[in-house]
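The values are calculated or read from the model by the stated rules, or taken from the named source; none is laboratory data. If you're wondering where the values come from, they're calculated on a predicted model, not measured in any experiment. Positions of Cβ are backbone-derived with ideal geometry, glycine not excepted, and every protein chain shown enters the neighbour counts.
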Ligand code: ADP
Ligand code: MG
């Protein structure tokens, strides 16, 4: 596959928690219509990097440029409006709302069309609600939850809650989605479904950062892989290259 143009570039990203350098001088680039997997042992700093990019934490240093626009000083909602959506390591759904309402919440988060689409005229409120409903149904269908639209999100299986999170992230009409361990807790069938969904999203032009431990999934979908260890960049390359790198194997074995 031809790689797309560079969409995101993270340079010199650093974050300390007290005496701990959770992320140190990390760099990472993501191309359009591609999947960049971030692997590394527990505590390597993967989730912290995702949290820095999405504004959950402010970086101590570093730049996070999306299509040339610096995100580092922006608040989480502004970063979301700029086109960066995410899912969490532990699924965050509203358990007492229906699956459909949960997806609609993805639109409410940004209230308006994303900034990067601001050139488009905002539709009337009525039309907006209609559109949100239709688009939410479409997204549920997309992630395999069409039948669950009126089910309370809290009673969905864990795998379906993860799919719901992805649908909600998609509702923001993002340019980049950051997925923090989406395969965690999935059974093999659900994991296959996730792989198919990620490939479909990529086909549609979506850029993704896939933080993942599940190496089969990484090997199946990743265009490039970055391995972190102790907050730092350990290796970068194709899945084959990185997974065969002795330093990567050693980091996973903890030696
Ligand atoms: P990973 O996602 O790769 O498992 P994390 O980014 O969650 O790693 O954590 C990296 C390091 O930063 C760990 O040592 C973790 O304990 C620490 N850490 C993460 N978040 C916080 C926080 N909010 N406060 C203090 N330490 C944190
Ligand atoms: Mg993590």
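When residue 89 is tested against the conditions (1) in contact (Cβ under 8 Å) with a residue 60 or more places away in the chain; (2) crowded, with 22+ Cβ neighbours inside 10 Å; (3) outside any strand (DSSP E or B); (4) within 16 Å of ligand 2 (Cβ to nearest atom), the lone failure is (2).
State which residue is surrounded by the most Cβ atoms within 10 Å (Cβ to Cβ) when the search covers only region 25-59 and only residues that are closer than 16 Å to residue 232 by Cβ and more than 16 Å from ligand 2 (Cβ to nearest atom). Here the answer is 59.
Is region 100-112 home to any residue that is part of a helix (DSSP H, G or I), surrounded by fewer than 13 Cβ atoms within 10 Å (Cβ to Cβ), at pLDDT below 95 and touching a helix residue (DSSP H, G or I) at 6+ places or on another chain (Cβ under 9 Å)? Yes, because at least one residue in region 100-112 is part of a helix (DSSP H, G or I), surrounded by fewer than 13 Cβ atoms within 10 Å (Cβ to Cβ), at pLDDT below 95 and touching a helix residue (DSSP H, G or I) at 6+ places or on another chain (Cβ under 9 Å).
Take residue 44 and decide whether it is more than 16 Å from ligand 1 (Cβ to nearest atom) and either in a helix (DSSP H, G or I) or in contact with a strand residue (DSSP E or B) (Cβ under 7 Å, 6 or more places away or on another chain) (or both). Show your work before the answer.
Working: more than 16 Å from ligand 1 (Cβ to nearest atom): no; either in a helix (DSSP H, G or I) or in contact with a strand residue (DSSP E or B) (Cβ under 7 Å, 6 or more places away or on another chain) (or both): yes.
It is false that residue 44 is more than 16 Å from ligand 1 (Cβ to nearest atom) and either in a helix (DSSP H, G or I) or in contact with a strand residue (DSSP E or B) (Cβ under 7 Å, 6 or more places away or on another chain) (or both).
Among the residues of region 68-80, not a single one is on the phi > 0 side of the Ramachandran plot and either touching a helix residue (DSSP H, G or I) at 6+ places or on another chain (Cβ under 8 Å) or within 16 Å of ligand 2 (Cβ to nearest atom) (or both). Looking across region 54-70, the residues that are part of a loop (DSSP other than H, G, I, E, B) and over 24 Å from residue 18 (Cα atoms) come down to 67, 68. Taken over region 168-209, residues that are under 23 Å from residue 6 (Cβ atoms) and within 16 Å of ligand 1 (Cβ to nearest atom) amount to 4. Yes or no: region 20-39 includes at least one residue that is closer than 29 Å to residue 200 by Cα, touching a helix residue (DSSP H, G or I) at 6+ places or on another chain (Cβ under 6 Å), within 11 Å of ligand 1 (Cβ to nearest atom) and in a loop (DSSP other than H, G, I, E, B). No, region 20-39 has no match at all. Condition first: within 12 Å of residue 101 (Cα to Cα) and crowded, with 23+ Cβ neighbours inside 10 Å. Now tell me which residues in region 141-164 satisfy that. Answer for region 141-164, where residues must be within 12 Å of residue 101 (Cα to Cα) and crowded, with 23+ Cβ neighbours inside 10 Å: 153, 164. Scanning region 165-186 for residues that are surrounded by fewer than 21 Cβ atoms within 10 Å (Cβ to Cβ), within 16 Å of ligand 2 (Cβ to nearest atom) and more than 18 Å from residue 221 (Cα to Cα) turns up just one, 185.
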